[in-house]
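J.: Pasting in a structure now, in structure tokens, and then I'll have a few things to ask.
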Amino acid sequence: MEASNAVHVSQPGLVVVDVAAADDETAFAFHTALAARWATTFVERTTRDPGQPGVRLRCYLDLRQPVNGTGGVGGS
């Protein structure tokens, strides 16, 4: 997994989330749960560390932007 960059957490409310999961489905389900509540980056794939079990996924959250009931950013 690449190192976090200062811009990723340059302001209060910005979060880098690194997920370790048994499989792709679990990692994407967790990301979906996060995205239902906060503005997150889009993720397309997981990564695997050679010789290690499971998968990894990185996403970025902006806790300052609440998500409305339709999955979009903004108020309801």
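The values are calculated or read from the model by the stated rules, or taken from the named source; none is laboratory data. Bear in mind the structure is a predicted one, so any value in this text is a computation, not a measurement. For neighbour counting, all protein chains shown are included, and Cβ atoms are generated from backbone atoms with ideal geometry for every residue, glycine included.
J.: Would you confirm whether any residue within region 5-28 is at pLDDT below 90, among the aliphatic types (A, V, I, L, M) and surrounded by fewer than 10 Cβ atoms within 10 Å (Cβ to Cβ)?
T.: yes
J.: Quick check on THR41: is it surrounded by 12 or more Cβ atoms within 10 Å (Cβ to Cβ) and at pLDDT 90 or above? Steps first, answer last, please.
T.: Working: surrounded by 12 or more Cβ atoms within 10 Å (Cβ to Cβ): yes; at pLDDT 90 or above: no.
Criteria not met by THR41.
J.: On the given criteria, is GLY54 surrounded by fewer than 16 Cβ atoms within 10 Å (Cβ to Cβ) and at pLDDT below 90? Steps first, please.
T.: Details: surrounded by fewer than 16 Cβ atoms within 10 Å (Cβ to Cβ): yes; at pLDDT below 90: no.
Considered against the rule, which asks whether it is surrounded by fewer than 16 Cβ atoms within 10 Å (Cβ to Cβ) and at pLDDT below 90, GLY54 comes out as no.
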